[in-house]
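Engineer: Here it is, the structure in full.
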Amino acid sequence: MTELIVKAGLSYLLGSIVGSLLIGRLKGGVDIRALGSGNAGATNALRTLGRAIAFWVLVIDLAKGFVATRLIAPALLPGIVPAAPALGAWCVTACALAVMLGHVYPLWFGLRGGKGVATLVGAVLGIDPWLLAPMVLTWLAAVVLFGFVGLASMLATLALTVEIAIGNFAPRLPLLAFGVSAAALILYTHRSNIARMRAGTESRARRLWLFGARRGPA
């Protein structure tokens, strides 16, 4: 249990390094939470701070998810007795969720971070790159069909959970718990998007994000 707690704690602290807020602080104290949609993510960074900064925001937020699941979760920590195999299998789940929570509720930035999608993608990449396929395909299809980036992100996370449930991925139960918990967290962080869609005020993306079109709040 000690191993899980320590690794989850390290992952949370890593997740608290929010790309947009870190870069904004280095660039003279710019707080992206006071700009655009107020979201501390790459989409709002693209809209308010430009492509170059948005690129590095995305890199940072992806990288910390990857590091948490690929490097921290399996690491042998000095002075820490490894957990029994049955418990150790939950390290990847603990680290993945902790790094996402760090991004959403960053210790270094007043517990006000982003929505966790890029960090989730990085964590999934560290767990098993094949799990990204249904996420990416679902995201692209949802943006093309509906035009809502937030909705596409939520559906992509649900697709991840379904893929884990029906696929042959190990460790099965810990990964399924991760998928369900991650989907719940992403739905929660997008509750404002859901409210705007219900009210009919959510802006639609005119083109895919990669082409740099104007977008509504993200």
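Engineer: If you count only protein heavy atoms and use a 1.4 Å probe, how large is the accessible surface of Lys115, to the nearest 10 Å²?
Structural biologist: 30 Å²
Engineer: Can I ask one more? Describe numerically, in nm with one decimal, the distance between label points set 7 Å from Cα along Cα→Cβ at Leu137 and at Ala184.
Structural biologist: So the two model labels end up 2.8 nm from each other.
Engineer: How much of the accessible area of the stretch 11-150, in percent, comes from carbon and sulfur atoms when a 1.4 Å probe is used?
Structural biologist: The value for the stretch 11-150 is 75 percent carbon and sulfur by accessible area.
Engineer: Ok, one more. What is the spin-label model distance, in nm, from Ala89 to Ile166 if the labels are put 7 Å beyond Cα along the C-beta direction?
Structural biologist: 2.3 nm
Engineer: Sorted by accessible area (1.4 Å probe), largest first, how do Met1, Met154, Met197 line up? List each step's numbers first, then the result.
Structural biologist: On the way: Met1 125, Met154 10, Met197 50 Å².
Largest accessible area first, the residues go Met1, Met197, Met154.
Engineer: Follow-up question, since we're still on this one. Which entry in (i) 50, 43, 27; (ii) 79, 54, 34; (iii) 58, 34, 33 matches Cα extents along the principal axes in Å derived from the coordinates of this structure?
Structural biologist: (i)
Engineer: Right, something else. For the stretch 1-40, what's the radius of gyration and Dmax over Cα atoms, in angstrom?
Structural biologist: Answer for the stretch 1-40, Rg first and Dmax second: 14.2, 42 Å.
Engineer: Straight-line reach from Lys115: which lysines fall under 21 Å, measuring Cα to Cα and dropping same-chain residues less than 8 apart?
Structural biologist: Lys64
Engineer: How many Å² of accessible area per residue for the chain, probe 1.4 Å?
Structural biologist: 49 Å²
Engineer: Let me ask something else about it. May I ask you to compute the full-extension gain from Val144 to Arg198, defined as 0.36 nm times their residue separation minus their alpha-carbon distance, rounded to one decimal in nm?
Structural biologist: Gain on stretching Val144 to Arg198: 17.5 nm.
Engineer: Any number yet on Rg/Rh for the stretch 53-124, C-alpha, Kirkwood? Walk me through the numbers on the way to the answer.
Structural biologist: Working: Rg = 13.3 Å, Rh = 12.8 Å.
Checking Rg against Rh, the ratio lands at 1.04.
Engineer: What number, rounded to the nearest 500 deg cm²/dmol, is the helix-based mean residue ellipticity at 222 nm of the chain, given -39500 (n - 2.57) per DSSP H run of at least four residues and division by all its residues?
Structural biologist: When only DSSP H runs of four or more count, the value is -19500 deg cm²/dmol.
Engineer: Roughly how many Å² of Thr93 are accessible to a 1.4 Å probe, to the nearest 10?
Structural biologist: Thr93 exposes around 10 Å² with every protein chain in place.
The values are calculated or read from the model by the stated rules, or taken from the named source; none is laboratory data. Not measured: the values here are computed from a predicted model. Quick reminder, even Gly has a Cβ in these numbers, built from the backbone with ideal geometry, and neighbours come from all protein chains shown. We work out accessible area using only protein heavy atoms, side chains counted, and drop any ligands, DNA or RNA first. Shrake-Rupley method; radii C 1.70, N 1.55, O 1.52, S 1.80 Å.
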